[in-house]
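A.B. asks: Below is a structure I'd like to ask you about.
The values are calculated or read from the model by the stated rules, or taken from the named source; none is laboratory data. From a predicted model like this one, the values you see are computed outputs, not experimental measurements. Here the Cβ positions follow ideal geometry from the backbone for every residue, glycine too, while neighbour counts run over all protein chains shown. Calculation scope for accessible area: heavy atoms of the full protein, side chains included, ligands and nucleic acids excluded. Shrake-Rupley method; radii C 1.70, N 1.55, O 1.52, S 1.80 Å.
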Amino acid sequence: MDFGFDERTRRLQGDVSAFLDEHVYPAEPVLAAQVRERDGDPVARWATPPVVQDLKAEARRRGLWNLFLPGGRGAGLTNLQYAPLAELSGRSPMLAPEAMNCSAPDTGNMELLAEFGSSEQQEQWLEPLLDGRIRSAFCMTEPAVASSDATNIEARIERDGDAYVVTGRKWWSTGAMNPDCRIFVVMGKTGPGAPRHRQQSMILVPRDADGVRVVRGLTVFGYDDAGHGGHAEISFEGVRVPAANLVGGEGDGFAIAQARLGPGRIHHCMRLIGMAERALELLCARAAGRSTFGRPIADHGMVQHWIAQSRLRIEQARLLVLKTAWLMDTVGNRGAHTEIQAIKIAVPRTVEWILDKAIQAHGGAGVTTDTPLAMLWAGARTLRLADGPDEVHERSLARDELCRHRP
């Protein structure tokens, strides 16, 4: 394994770093102010803030657009090439990924449509997403069941002549509160009596279809993430859409979900490394600039332990993520299955620990919005549930190991 970055990757690292320094970091307080200005407006609050639109235009001008997507439709980067760029974007997760059209859930939905969508679906929905003209949401999780196991999903997708009728309730549909979110990728059951992993299908439901009701925006540890489009609870009440809106065939939903979630998980982990790097920078700056008991807190052994452990843990997590990216490039997502699950478990926990120590060093300031630490911690902690809770992945990893080593 050679994790040395090629010339193109190194050039893009420099380009993304310059974009962050010159435009993204200065825009963070602007974003916060623009979101505050919309408090109380039930529609405008969820729209893409003007500063994000400005950043998107600048990113496109610099050629930093759709970096996540391999092949001719995107930048054509491998997972290993994209990893350090996604890491950089994770240093400002509420701005940088969307500015470069590399934010979830749009990335996963674009990958899904690029790989499994029909030519008509790609023309109608993929092209506007690639161009950044619309947003999308992924509707899988349900409030009434443990939907980290997709076989538990209760939403129904029932054939009726030349249409399908969608009925069910979803939540944690990220980005769906944004009025620019025009299309929902909905997972539901088309064949309840079929084999366990052939019961589910995916279908495209336009936001303005009759029977779609966006119920509310949810909060994450008190954050509504309005600048990113929030996280919606959505009711589908007998929504009728053309049969041509089905993605793939009936019963393909589980397999498509697995194909979509693999890249999504590694993208999250790549960005988490960037979050950890920023937290460590803030921790060191605070330690050097703050004194207790007559000396800088950087001189205290406990704080030095936090700093040293943070660097060790970042390097370990980054190596595991890069190994996973390399395996996905060389043997495919199925061949990297163990590592994808491992990073999903290990990286959020690692970054959560580092953020916790940075918050502790900041004292009361660490739990306010005066620094990005509280928001970053909420994001890292949430990822221990997103795309399936840790325990589900640990169970799967343990079963694989038991099968491999059983006499």
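A.B. asks: Restricting attention to region 181-202, which residues are open to solvent by less than 40 Å² (accessible area, probe 1.4 Å) and not in a strand (DSSP E or B)? Walk me through it before giving the result.
C.D. replies: Our first condition is that a residue be open to solvent by less than 40 Å² (accessible area, probe 1.4 Å); within region 181-202, this holds for 181, 183-191, 194, 199-202.
Thr190, Gly191, Ala194, Gln199 - these are the residues of region 181-202 that are open to solvent by less than 40 Å² (accessible area, probe 1.4 Å) and not in a strand (DSSP E or B).
A.B. asks: Right, something else. Among the residues in region 116-125, are any crowded, with 20+ Cβ neighbours inside 10 Å, assigned to a helix (DSSP H, G or I) and in contact with a Cys (Cβ under 8 Å, 6 or more places away or on another chain)?
C.D. replies: Scanning region 116-125, I find no residue that is crowded, with 20+ Cβ neighbours inside 10 Å, assigned to a helix (DSSP H, G or I) and in contact with a Cys (Cβ under 8 Å, 6 or more places away or on another chain), so the answer is no.
A.B. asks: Mind telling me which of the residues Pro42, Pro70 ends up being modelled with pLDDT under 95 and more than 19 Å from the chain's Cα centre (by Cα)? Before the answer, list the steps.
C.D. replies: Working: Pro70 fails: more than 19 Å from the chain's Cα centre (by Cα).
Pro42 is the lone residue from the list that is modelled with pLDDT under 95 and more than 19 Å from the chain's Cα centre (by Cα).
A.B. asks: Just give me the residues in region 133-159 being over 15 Å from Val185 (Cβ atoms), out of contact with any helix residue (DSSP H, G or I) (no Cβ under 6 Å at 6 or more places or on another chain), assigned to a loop (DSSP other than H, G, I, E, B) and in contact (Cβ under 8 Å) with a residue 60 or more places away in the chain, in sequence order. Outline the logic, then answer.
C.D. replies: Initially, region 133-159 is screened for residues over 15 Å from Val185 (Cβ atoms), giving 133, 143-146, 148-149, 151-152, 154, 156, 158-159.
When the remaining residues are screened for being out of contact with any helix residue (DSSP H, G or I) (no Cβ under 6 Å at 6 or more places or on another chain), the result is 133, 143-144, 149, 152, 154, 156, 158-159.
Then keep just the ones that are assigned to a loop (DSSP other than H, G, I, E, B); that gives 133, 143-144, 149, 154.
Answer for region 133-159, where residues must be over 15 Å from Val185 (Cβ atoms), out of contact with any helix residue (DSSP H, G or I) (no Cβ under 6 Å at 6 or more places or on another chain), assigned to a loop (DSSP other than H, G, I, E, B) and in contact (Cβ under 8 Å) with a residue 60 or more places away in the chain: Pro143, Asp149.
A.B. asks: Being buried (at least 16 other Cβ atoms within 10 Å of the Cβ) and on the phi > 0 side of the Ramachandran plot is the filter here; which residues of region 224-254 pass it?
C.D. replies: Residues satisfying the conditions are Asp225, Gly229, Gly230, Gly248, Gly251.
A.B. asks: Restricting region 108-132 to residues that are touching a Gly at 6+ places or on another chain (Cβ under 7 Å) and in contact (Cβ under 8 Å) with a residue 60 or more places away in the chain, which is nearest to Arg271 (Cα to Cα)?
C.D. replies: It comes out as Gly108.
A.B. asks: What single numbered condition from (1) out of contact with any helix residue (DSSP H, G or I) (no Cβ under 8 Å at 6 or more places or on another chain); (2) closer than 30 Å to Leu95 by Cβ; (3) open to solvent by 60 Å² or more (accessible area, probe 1.4 Å) fails to hold for Phe221?
C.D. replies: All conditions are met except number (1).
A.B. asks: Hey, can you tell me all the residues within region 1-47 that are in contact with a helix residue (DSSP H, G or I) (Cβ under 6 Å, 6 or more places away or on another chain) and among the aliphatic types (A, V, I, L, M)?
C.D. replies: Met1, Leu12, Val16, Val24, Ala27, Val30, Leu31, Val35, listed by residue number.
A.B. asks: Taking only region 305-354 into account, find how many residues are open to solvent by 40 Å² or more (accessible area, probe 1.4 Å) and either of a type in the set (Ser, Thr, Tyr) or not in a helix (DSSP H, G or I) (or both).
C.D. replies: Selection size over region 305-354: 3.
A.B. asks: Within region 15-38, take every residue that is over 22 Å from the mean Cα position of the chain (by Cα) and open to solvent by less than 40 Å² (accessible area, probe 1.4 Å) and give me the one that is nearest to Val52 (Cα to Cα).
C.D. replies: Top of the filtered list is Gln34.
A.B. asks: Scanning for something assigned to a loop (DSSP other than H, G, I, E, B) and farther than 25 Å from Gly230 by Cα, does region 170-179 turn up at least one residue?
C.D. replies: Our first condition is that a residue be assigned to a loop (DSSP other than H, G, I, E, B); within region 170-179, this holds for 175-179.
Now restrict to residues that are farther than 25 Å from Gly230 by Cα: none.
The answer is no; no qualifying residue exists.
A.B. asks: Please work out if Thr350 is under 17 Å from Pro93 (Cβ atoms), in contact with a strand residue (DSSP E or B) (Cβ under 6 Å, 6 or more places away or on another chain) and of a type outside the set (Lys, Arg). Walk me through how you get there before you give the answer.
C.D. replies: Details: under 17 Å from Pro93 (Cβ atoms): yes; in contact with a strand residue (DSSP E or B) (Cβ under 6 Å, 6 or more places away or on another chain): no; of a type outside the set (Lys, Arg): yes.
Answer is no for this residue.
A.B. asks: While we're here: Conditions: (1) in contact (Cβ under 8 Å) with a residue 60 or more places away in the chain; (2) assigned to a loop (DSSP other than H, G, I, E, B); (3) loosely packed, with under 13 Cβ neighbours inside 10 Å. Thr48 meets all but one. Number of the miss?
C.D. replies: Of the numbered conditions (1) in contact (Cβ under 8 Å) with a residue 60 or more places away in the chain; (2) assigned to a loop (DSSP other than H, G, I, E, B); (3) loosely packed, with under 13 Cβ neighbours inside 10 Å, the odd one out for Thr48 is (3).
A.B. asks: Next question, about the same structure. Give the residues of region 148-180 that are open to solvent by less than 10 Å² (accessible area, probe 1.4 Å) and closer than 14 Å to Glu233 by Cβ, sorted by residue number.
C.D. replies: Residues of region 148-180 that are open to solvent by less than 10 Å² (accessible area, probe 1.4 Å), as a first pass: 150, 153, 155, 157, 163-164, 166, 170, 173, 175-176, 178.
Ala155, Lys170, Ser173, Gly175, Ala176 - these are the residues of region 148-180 that are open to solvent by less than 10 Å² (accessible area, probe 1.4 Å) and closer than 14 Å to Glu233 by Cβ.
A.B. asks: Examine region 219-232 for a residue that is among the aliphatic types (A, V, I, L, M) and closer than 18 Å to Asp387 by Cα, and state whether such a residue exists. Working first, answer last.
C.D. replies: Kept after step one, since they are among the aliphatic types (A, V, I, L, M), are these residues of region 219-232: 220, 226, 232.
Pick out the ones that are also closer than 18 Å to Asp387 by Cα and you get 220, 232.
For region 219-232, residues among the aliphatic types (A, V, I, L, M) and closer than 18 Å to Asp387 by Cα: present.
A.B. asks: Pull out all pairs, ordered by first then second residue, where Cβ-Cβ is under 6 Å, the residues are six or more apart or on different chains, the first lies in region 385-400 and is outside any helix (DSSP H, G or I), and the second is buried (at least 17 other Cβ atoms within 10 Å of the Cβ) and modelled with pLDDT under 90.
C.D. replies: Going by the 6 Å Cβ cut-off, the qualifying pairs are Asp387/Leu261; Asp387/Arg265.
A.B. asks: Residues being closer than 27 Å to Leu204 by Cβ and either open to solvent by 30 Å² or more (accessible area, probe 1.4 Å) or of a type in the set (Ser, Thr, Tyr) (or both): count how many of those fall in region 266-289.
C.D. replies: If we filter region 266-289 for residues that are closer than 27 Å to Leu204 by Cβ, which is where we start, we get 266-268, 271.
Subsequent filtering for residues that are either open to solvent by 30 Å² or more (accessible area, probe 1.4 Å) or of a type in the set (Ser, Thr, Tyr) (or both) retains 268.
Of the residues in region 266-289, 1 are closer than 27 Å to Leu204 by Cβ and either open to solvent by 30 Å² or more (accessible area, probe 1.4 Å) or of a type in the set (Ser, Thr, Tyr) (or both).
A.B. asks: Among (1) touching a strand residue (DSSP E or B) at 6+ places or on another chain (Cβ under 7 Å); (2) of a type outside the set (A, V, I, L, M, F, W, C); (3) open to solvent by 10 Å² or more (accessible area, probe 1.4 Å); (4) within 14 Å of Cys181 (Cα to Cα), there is one condition Arg133 misses while meeting the rest; what is its number?
C.D. replies: Just one mismatch for Arg133, condition (1).
A.B. asks: Which residues, counting only those in region 47-80, are under 17 Å from Thr9 (Cβ atoms) and touching a Phe, Trp or Tyr at 6+ places or on another chain (Cβ under 7 Å)?
C.D. replies: Matches in region 47-80: Arg62, Leu64, Leu67, Phe68, Gly74, Leu80.
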